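Read the structure below first, then the notes.
The values are calculated or read from the model by the stated rules, or taken from the named source; none is laboratory data. Predicted model, so just to flag it, every value in this text is computed and none were measured. Cβ atoms come from the backbone with ideal geometry, glycine included; neighbour counts cover every protein chain shown. We work out accessible area using only protein heavy atoms, side chains counted, and drop any ligands, DNA or RNA first. Shrake-Rupley method; radii C 1.70, N 1.55, O 1.52, S 1.80 Å.
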Amino acid sequence: MAKNAYLCSPKTDSGMVSIDGLTVEFGGTTLFSDVSFVINEKDRIALMGKNGAGKSTLLKILAGVRTATRGTVSAPKDTVIAYLPQHLMTEDGRTVFEEASQAFAHLYEMEAELDRLNNELATRTDYESDEYMSLIEEVATKSEKFYAIDMTHFEEDVEKTLLGLGFERSDFGRQTSEFSGGWRMRIELAKMLLRNPDVLLLDEPTNHLDIESIGWLEEFLINNGKAVVVISHDRKFVDNITTRTIEVTMGRIYDYKVNYSQYLVLRADRRQQQMKQWEEQQKMIQETKDFIERFKGTYSKTLQVQSRVKMLEKLEIIEVDEEDTSALRLKFPPSPRSGQYPVIMEGVGKAFGEKRIFSGATLTVERGNKIAFVGRNGEGKSTLVKCIMKELEHEGSLQLGHNVQIGYFAQNQASLLDEELTVFQTIDDVAKGDIRNKIRDLLGAFMFGGEASAKKVKVLSGGERTRLALMKLLLEPVNLLILDEPTNHLDLKTKDILKQALQDFDGTLICVSHDRDFLDGLVTKVYEFGHGKVREHLCGVYEFLANKKMEELQELERK
């Protein structure tokens, strides 16, 4: 562990980022044009819009990792902007603690530079020269800046941040190369938060976090007092942290000074107004065309006809925002009836070598139950699912009931699709009954509308494959659905469609998820994984979270 490292003291100046006239064009299409807004010091902004609207591109331009076709992004000279992309790789060769401590690398550099300048002052003898005087000035300026920094040891800040993001103390000395992509993302997030930036740009930060870490991140962002711009499909997270919503749609932006839920109400009002204005304009256009048609050969009306033709040519047609497709209801095929208890387990446990994941898991899943597996990453949620799927050997007894037909969605499900089929063929192969007439609507709702349905599976991105695999699963007749993090690559509208379908599903559901909003109203029982045990809570997810906070407070009092 490094010594004599220091934590940046907060700035007193009010950092602001100005975005002026941003336009992005590629491949002959305009993603957005002439976009302008200002990020103020304490703004917590949600960037919203459907997939492909340009949200991530806008965030990359703000981060300086991509350039716009036209327009500028400007900020005061000392403004620190930190960017967390959706996909990244932490360098190998350091421990978790060392990598997180890289947040303070600039302070080591500042200290080394000061040492060098002070040594130079001590050895030079040309006291009267201009160079010596300017060296004194440089040392004075840099010293003032360096010693103004809060001189507290940084170890406790690194520790607090890593623990908050779900790491154990025993992880601190492990090499970053031992961790999965999701945990590396957390290390990167820790580095960003420790840098104490003026503006945080976060692209889907909750995708790799469990429920407890999301709660910690929310509190951190709210209490940090700095500007945040976030893209997230976790509605509850967005609602809890943001004070402003910027929607990117049809090449422009709408800026609302409210959180996500209030924005939805205002957006519906706006669309209603647009619809009314569009209808009035269409009526006026039709009346004008009728007039032109009726009098185009009449000499006395020639001037009036010409002026109306010109007026129509110059008329700007009112645009109505894209329709919300979340009204589509996805109906599962009726599930074949299973026995009364699809899953019964007693004393189930699992260890990999000397590392014990959990032990003594005893639970009975009744037909029609909808349950959630929650808990910190690495506590065994996916491991127990794999035991149910007979993919892993385990201790104890685990039985599946009579006529149980499982539909299983895991993170690797996407890799099992037939790469030579198109998106449409993949769904057409499994769709039965009424849903066959709605395949196009269904594909549109899962963001495969228009030409996208003709793409071959092999050219799809990871997120697109995940969505397709999930949609395919939902159309197969099963009576036990096991979903492992199904919402990671879904936007809010698609999540609503999926949630509605799962609520209507007449079979049994086991869902591993960290998405509180998705689980709310869907599950009635929560199994909590932690400290090597699996505990049953007979309640919904919000009641479970409320109870947990209370338990933690009581534990503090007992200590």
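Residue 115 contributes about 90 Å² of solvent-accessible surface, heavy atoms of the protein only, 1.4 Å probe.
If R0 is taken as 22 Å, the Cβ-Cβ distance between residue 115 and residue 140 corresponds to a FRET efficiency of 0.90. For segment 366-522, take the convex hull of the Cα atoms, compute a quarter of its surface area, and give me that in nm², please. Quarter of the Cα hull surface area: 10.0 nm². Using only Cα coordinates, the Kirkwood hydrodynamic radius of segment 154-254 works out to 14.7 Å. Residue separation of residue 128 and residue 310 scaled by 0.36 nm, minus their Cα-Cα distance, works out to 57.5 nm of gained length.
Counting only protein heavy atoms and using a 1.4 Å probe, the accessible area of residue 208 comes to about 60 Å².
Dividing the radius of gyration of the alpha carbons in segment 453-559 by their Kirkwood radius gives 1.07 for Rg/Rh. Spatially, segment 206-232 and segment 111-170 are offset by 31 Å when compared through their Cα centroids. All distinct Cα pairs of the chain go into the 1/r average, and the inverse of that average, the Kirkwood radius, is 27.5 Å. Dimensions of segment 217-369 based on its C-alpha atoms, expressed as ranges along the principal axes with the largest first, amount to 96, 52, 27 Å. From the Cα gyration tensor of segment 377-432, with a ≥ b ≥ c the square roots of its eigenvalues, which class applies: rounded if a/c is under 1.5, or else prolate if a/b is larger than b/c, or else oblate? In terms of gyration-tensor shape, oblate. List the aspartates and glutamates whose alpha-carbon lies under 14 Å from that of residue 525, not counting same-chain residues fewer than 8 positions away? In chain and number order, the partners are 366, 536, 543.
Only Cα pairs under 8 Å and 6+ residues apart enter the sum, and on that basis the relative contact order of the chain stands at 15 percent. In this structure, the pairs whose alpha-carbon distance is over 20 Å, taken from 55/456; 55/493; 77/145; 42/145, are 55/456; 42/145. For the pair residue 178 and residue 319, label points projected 7 Å from Cα toward Cβ lie 5.3 nm apart.
Full extension of the chain segment joining residue 538 with residue 29 gains 178.0 nm, where the gain is 0.36 nm per residue of separation less the Cα-Cα distance. Centre-to-centre separation between the Cα atoms of segment 259-274 and those of segment 377-422: 41 Å.
Using the Stokes-Einstein relation with a Kirkwood hydrodynamic radius computed over Cα pairs, the translational diffusion coefficient of segment 204-270 at 4 °C and a viscosity of 1.567 mPa s comes to 100 µm²/s. Within segment 349-365, whose backbone N sits under 20 Å from a point 7 Å along Cα→Cβ of residue 393? The answer is 349-361. Remark: spin-label model distance residue 405-residue 524 equals 2.4 nm, labels positioned 7 Å along the Cα→Cβ axis. Accessible area per residue (1.4 Å probe, heavy atoms of protein chains only) ranks 246, 344 as 344, 246, with the largest value leading. When DSSP beta bridges are restricted to pairs lying wholly in the chain, around 50% turn out antiparallel. Largest first, the residues 543, 379 sort by 1.4 Å accessible area into 543, 379.
Adding -39500 (n - 2.57) for every DSSP H run of four residues or longer, then dividing by how many residues the chain holds, sets the calculated 222 nm ellipticity at -12000 deg cm²/dmol. The order of 60, 50 by accessible area, most exposed first and with a 1.4 Å probe, is 50, 60.
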